[in-house]
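Worksheet: one structure, shown below.
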Amino acid sequence: MPLLHLLALEWLRNKKELWLFLEACLKRWKAVSDPKGMHHQNIMMHNIFETRIALDANDNNVVDPKKKMLPQVAVFMEHLELVQSTESAIDALRQRASRNIRNGKIAFNQV
């Protein structure tokens, strides 16, 4: 059944709950599409770690595969003005990585 038909049925069934759902969807969409938001930073960080490629304005790769990745990603994020300083970026990235690893271990152990 097409999405518009499902929304129309829900509109007839419970308008208030449909509005709450749509507001929550739009709020999440706004947060995900924010270029300086946490979701965008996580995607960018993941892509840089996986591909070892981060291009500057001149299409030059600023990542040196022979050096540690975390400080390089932090510097790159600082240049993009996503964080205030390299040190705060490194701390935030470490905390985020630890949290992701911890959540991954919990999910793995539940399987």
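The residues on offer are LEU70, LEU22, and the sole one that is assigned to a helix (DSSP H, G or I), touching a residue at least 12 places away in the same chain (Cβ under 8 Å) and surrounded by 11 or more Cβ atoms within 10 Å (Cβ to Cβ) is LEU70. Residues in the range 27-61 that are loosely packed, with under 11 Cβ neighbours inside 10 Å, within 27 Å of ALA92 (Cα to Cα) and not basic (Lys, Arg): TRP29, SER33, PRO35, GLU50, THR51, ALA57, ASP59, ASN60. Being under 24 Å from ALA31 (Cα atoms), at pLDDT below 80, within 19 Å of the chain's Cα centre (by Cα) and part of a loop (DSSP other than H, G, I, E, B) is a property that LEU93 lacks.
For the range 4-14, the criterion of being within 30 Å of VAL73 (Cα to Cα) and aliphatic (A, V, I, L, M) is met by none of the residues.
The values are calculated or read from the model by the stated rules, or taken from the named source; none is laboratory data. As the structure is a prediction and not an experimental result, all values here were calculated from the model. Here Cβ is always computed from backbone atoms with ideal geometry, including for glycine, and neighbour counts include all displayed protein chains.
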